[in-house]
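Below is one structure; the comments refer to it alone.
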Amino acid sequence: MERLFNFSLIFQMAAEFLPLVFLFFLKKQINKSLKIFLISSFISSFLLYLTGVFQINNLIIFNAYQGITICTLSIFYFSILKSHLFKIIIVIIFSICFFTLIWELTKTSYLVSTLVVESFCYIIFALLFYIDYINSSKVNNQAKSYILINTSIFIYNCFSVLNNLEIEKLMITNYWFIHNLIDGLLKLLIAIAIWKMPKTYLS
């Protein structure tokens, strides 16, 4: 089980690094907040792996990453959605998610409620994007690539809802490798989406 867990971590980091390769070496241009999200995802996975190897408490890294994710994904969806109503909904959802994070951190270092709330929030973000995309009269190659990225976020968080509800059991039984494998596979989907993007940014 330990070997499988270590393999899943390495696979996850490799999959998270691939989108960065396409971004920086192929000079693909994407939304800045999405870029920060992808960079922070790789860095946090790498740091969590290192601290795990040396048995160093890494809760601060994990919790900081949750804060970064809430901010970057909220800004990402706010910037790409066309509907003014949907933008308002994004702001409301972001506020709920962010204050849930702050509230829980004042009570404990272990995020449980925040992770569940986050997953539901990101699922709503993804659904709003699908509706906005369908209603959009102007679709470019950038938007088509965002469909793949949005699908990756949607699938991951649908899984995460169940995953986070049982997070303590998963950590204790070392079945967290399932999360790592799914996250890695969906990061590969994001890599494909970025690879298909044009080099010139389209807003």
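The values are calculated or read from the model by the stated rules, or taken from the named source; none is laboratory data. Being a predicted model, the structure only gives us computed values, none of them experimental. Cβ: placed from backbone, ideal geometry, glycine included. Neighbour counts: every protein chain shown. All accessible areas refer to the heavy atoms of the entire protein, side chains included, with ligands and DNA or RNA removed. Shrake-Rupley method; radii C 1.70, N 1.55, O 1.52, S 1.80 Å.
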> Taking interchain pairs and intrachain pairs at least six residues apart, which have beta carbon atoms under 9 angstrom, with the first residue in the range 72-91 and under 10 Å from residue 34 (Cα atoms) and the second among the basic types (Lys, Arg) and crowded, with 19+ Cβ neighbours inside 10 Å?
Replying inline: 72/35
>> Show me the helices (runs of 4 or more DSSP H) found entirely inside the range 1-119 where at least 1 residues are charged (D, E, K, R) and either modelled with pLDDT of 95 or more or open to solvent by 60 Å² or more (accessible area, probe 1.4 Å) (or both).
In response: 2-25, 32-53, 84-107
> If residue 145 satisfies every condition in (1) crowded, with 17+ Cβ neighbours inside 10 Å; (2) under 20 Å from residue 68 (Cα atoms); (3) small (Gly, Ala, Ser) but one, which is the exception?
Replying inline: (2)
